[in-house]
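Report on one structure; see the data block that follows.
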Amino acid sequence: MKAIGTAGPRPITDSSALIAFDAPEPTLRPRDLLVQVKAVGLNPADAKVRSRPVDGDQPVILGFDAAGIVIGVGSEVSLFKVGDEVFYAGQIDRPGSNAERQAVDEKIVGLKPKSLTFAEAAALPLTAITAWELLFDRMKAGRDEDETLLVVGGAGGVGSALIQIARATTKLRVVATASRPETRQWSLDLGAHAVIDHSGPIDEALTAAGERAPKYIASLTQTPRHFSALARAIAVQGVIGAIDDATGVAVSELQYKAAGFVWEVMFVRPVHQTPDMVAQHNLLTEVSRLVDAGAIRTTLTKNLGPLTPQSLQEGHRLMESGATIGKVALDGI
């Protein structure tokens, strides 16, 4: 089958950074679906995989987010059938979605929202799973709490999903951070109650805006840069959750507030085959329902057309620019 991937780490400006090649057909495990990929979404994780050395001679198929149609099922599949339209974020330890077909465990797959195109749906899974797990599984936010959630990086992919999920499923006051007029407006349009500037100390910006100390802080970008300010801002017995590289942060700054620090990595459940792995199927099912009910919208802002090495290279370039709002997607090969 046709696929696009990497033969080794190269800068995105290198014309051979991404290559088309013929890949073996996927082999199904008992709980696997065989999906005809109709669209893919791009994430910073794609670029991270592209930057790693490749073992052996076979290129590595890139890609996580996807939406498509089930065309085959493993011997023990029970949640889906051939013909179902699905969306998912895949696994970091299996071949990616930048191919004609992909095998994916049904426990991390949801039915695609009926109201969305494949490209619109492909923009959602990884960020929605990350946001949902961070909010409810890692920070353990309550749905009926009269508390504040601070979203650092509201216009990014995960921030865009988290603002919407928090507004649609909880009573939390959602305060996002952004520094450009267009990212501030994007965050407000997605449902943030307020937006503050993160170009300076975030705790000072919160105070200047008259906001109370947040019980929950989702640190989605530049955690080491902002951590001391977040530690000053967090409420007593609150929790900071991060998704980026927070190496070197001084978690001892949280000690005398008895505040917590947690990481969210959405690949943990499938990589470790945790007993609760089906939670990702369940939450994607709920996200799909919320989308079709009009409570959550796609965060797709740019569709680069059919998947080719050139269009995918442009998508990676946009991601690495750091200036994108929302998500970039491409149609299938």
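If you add up the charges near Ala205, with Lys and Arg at +1 and Asp and Glu at -1, over every other residue whose beta carbon is less than 13 angstrom from its beta carbon, what do you get?
Charge balance near Ala205 sits at -2.
Semi-axes, largest first, in whole Å: what does sqrt of 5 times each Cα gyration tensor eigenvalue give for the stretch 78-133?
Largest first, the stretch 78-133 gives 16, 15, 12 Å.
Taking the Cα-to-Cβ direction at Thr247 and at Val262 and moving 7 Å from each Cα, how far apart do the two end points lie in nm?
It works out to 2.5 nm between the two label points.
Using the crude model of +1 on Lys and Arg Cβ and -1 on Asp and Glu Cβ, and no other charge, please compute the dipole size for the chain relative to its Cα centre, in debye to 20.
Magnitude of the dipole: close to 360 debye.
Carbon and sulfur: what percent of the stretch 22-153's accessible surface (1.4 Å probe)?
Ligands and nucleic acids excluded, carbon and sulfur reach 50 percent.
Percentage of Cα-Cα pair distances in the chain greater than 31 Å, rounded to whole percent?
Counting every Cα pair in the chain, those more than 31 Å apart make up 31 percent.
Treat each spin label as a single point 7 Å out from the Cα along the C-beta direction, and report the Asp93 to Phe21 distance in nm.
Simple spin-label model gives 2.2 nm for this pair.
For the charge dipole of the chain, defined by +1 on Lys and Arg C-beta atoms and -1 on Asp and Glu C-beta atoms about the Cα centroid, which residue among Gly56, His272, Thr223 has the Cα displaced farthest towards the positive pole?
Sorting the options by dipole projection puts first Thr223.
Enumerate the calculated ³J(HN,Hα) couplings along the stretch 213-221 in order (Karplus 6.51 cos²θ - 1.76 cosθ + 1.60, θ = phi - 60°), each rounded to whole Hz, writing x wherever the residue is Gly or Pro.
In residue order, the calculated couplings are 4, x, 6, 10, 10, 9, 9, 9, 7 Hz.
What pairs from Lys48/Lys81; Lys114/Lys302; Lys2/Lys81; Lys107/Lys327 go past 28 Å between their alpha carbons?
Lys48/Lys81
Straight distance only, please: which aspartates and glutamates reach the Cα of Lys257 with their own Cα at less than 20 Å, same-chain residues fewer than 8 apart left out?
Of all the aspartates and glutamates, those that pass the test against Lys257 - Cα under 20 Å, at least 8 places apart if same chain - are Glu145, Asp146, Glu147, Asp203, Glu204, Glu211.
Just to be sure I understand: with springs between alpha-carbon atoms less than 10 Å apart, which residue in Val239, Val54, Val195 has the highest mean-square fluctuation in the Gaussian network model of the chain?
Looking only at Val239, Val54, Val195, the largest GNM fluctuation is found for Val54.
Which residue, Leu254, Leu79, Val174, has the largest displacement toward the positive end of the dipole of the chain when charges sit on each Cβ (Lys, Arg +1; Asp, Glu -1)?
Val174
What list of ³J(HN,Hα) couplings, whole Hz, do you get for the stretch 97-113 from phi and the Karplus terms 6.51, -1.76, 1.60, once you set θ to phi - 60° and write x for glycine and proline?
8, 7, 7, 5, 9, 8, 9, 9, 5, 4, 6, 10, 10, x, 5, 4, x
Subtracting the Cα-Cα distance from 0.36 nm times the residue separation, let me have the gained length for Thr301 to Ser199 in nm, one decimal.
34.3 nm is the gain from fully extending Thr301 to Ser199.
Looking at the stretch 1-133, I'd like the Rg to Rh ratio, where Rg is from alpha-carbon atoms and Rh is Kirkwood's inverse mean 1/r.
Rg/Rh for the stretch 1-133 comes to 0.97.
Restricting attention to the stretch 108-154, which trypsin sites (Lys or Arg not before Pro) occupy a DSSP loop and are surrounded by at most 15 other Cβ atoms within 10 Å?
For trypsin sites (Lys or Arg not before Pro) across the stretch 108-154 that sit outside H, G, I, E and B with at most 15 neighbouring Cβ atoms in 10 Å, the list reads Lys114, Lys140, Arg143.
What is the magnitude of the charge dipole of the stretch 158-205 about its Cα centre, with +1 placed on the Cβ of each Lys and Arg, -1 on the Cβ of each Asp and Glu, and no other charges, expressed in debye to the nearest 20?
Dipole about the Cα centre, nearest 20: 240 debye.
Assuming 0.36 nm per residue, please report the length gained on full extension of the stretch Lys48 to Met1 beyond their Cα-Cα distance.
14.5 nm
Quick one: which residues, 5+ away or cross-chain, put their amide H under 5 Å from the amide H of Leu300? H built at 1.01 Å from N.
Residues meeting the criterion, in which the H sits 1.01 Å from N, are Lys327.
Given the options Ser160, Ser252, Ser311, state which has the largest fluctuation in a GNM of the chain using a 10 Å cut-off (strictly under) for Cα springs.
Ser252
Collect residues whose amide H, placed 1.01 Å from N in the peptide plane, falls under 5 Å from the amide H of Lys38; neighbours closer than 5 in sequence don't count.
So Lys38 has HN proximity to Ala67, Gly68, Ile69.
Return the lysines within reach of Lys171: Cα separation strictly under 21 angstrom, same-chain partners fewer than 8 residues apart disregarded; answer none if there are no such residues.
Lys171 reaches Lys140, Lys215.
In the stretch 41-112, which GluC sites (Glu not before Pro) fall in coil by DSSP and have 12 or fewer other Cβ atoms within 10 Å?
Glu76
Which net charge results when you count Lys and Arg as +1 and Asp and Glu as -1 among the other residues whose beta-carbon is under 13 Å from that of Asp292?
+1
Using θ = phi - 60° and the Karplus relation 6.51 cos²θ - 1.76 cosθ + 1.60, list the HN-Hα couplings for the stretch 82-90 in order, rounded to whole Hz, with x at every Gly or Pro.
Going residue by residue, I get 4, x, 5, 8, 10, 9, 6, 10, x Hz, with x marking Gly and Pro.
Can you give the helix-only mean residue ellipticity at 222 nm for the chain, where every DSSP H stretch with n ≥ 4 adds -39500 (n - 2.57) and the sum goes over all residues, rounded to the nearest 500 deg cm²/dmol?
-8000 deg cm²/dmol
For the stretch 179-251, which whole-number percentage of the solvent-accessible area (1.4 Å probe, protein heavy atoms only) is attributable to carbon and sulfur atoms?
Percent of accessible area from carbon and sulfur atoms in the stretch 179-251: 50.
Based on the Cβ-Cβ distance from Asp57 to Thr207, what FRET efficiency comes out when R0 is 51 Å, to the nearest 0.05?
About 0.35, to the nearest 0.05.
Using 0.36 nm per residue, how much length does the chain from Thr13 to Ser115 gain when fully extended, once their Cα-Cα distance is taken away?
Fully extending the segment from Thr13 to Ser115 adds 33.1 nm.
For Val40, what charge total do you get from the other residues with a beta carbon under 11 Å from its beta carbon, if Lys and Arg give +1 and Asp and Glu give -1?
Neighbourhood net charge equals -1.
Dipole size in debye (nearest 20) for the stretch 1-71 around its Cα centre, Lys and Arg Cβ +1, Asp and Glu Cβ -1?
Dipole of the stretch 1-71, to the nearest 20 debye: 180 debye.
Roll a 1.4 Å probe over the protein chains and send me the accessible area per residue for the chain in Å².
Roughly 41 Å² per residue, with all protein chains present.
The values are calculated or read from the model by the stated rules, or taken from the named source; none is laboratory data. Given the structure is predicted, the values throughout are model-derived calculations rather than measurements. Cβ sites come from the backbone with ideal geometry, for glycine too, and all protein chains shown count toward neighbours. With ligands, DNA and RNA removed, areas are computed over all heavy atoms of the protein, side chains included. Shrake-Rupley method; radii C 1.70, N 1.55, O 1.52, S 1.80 Å.
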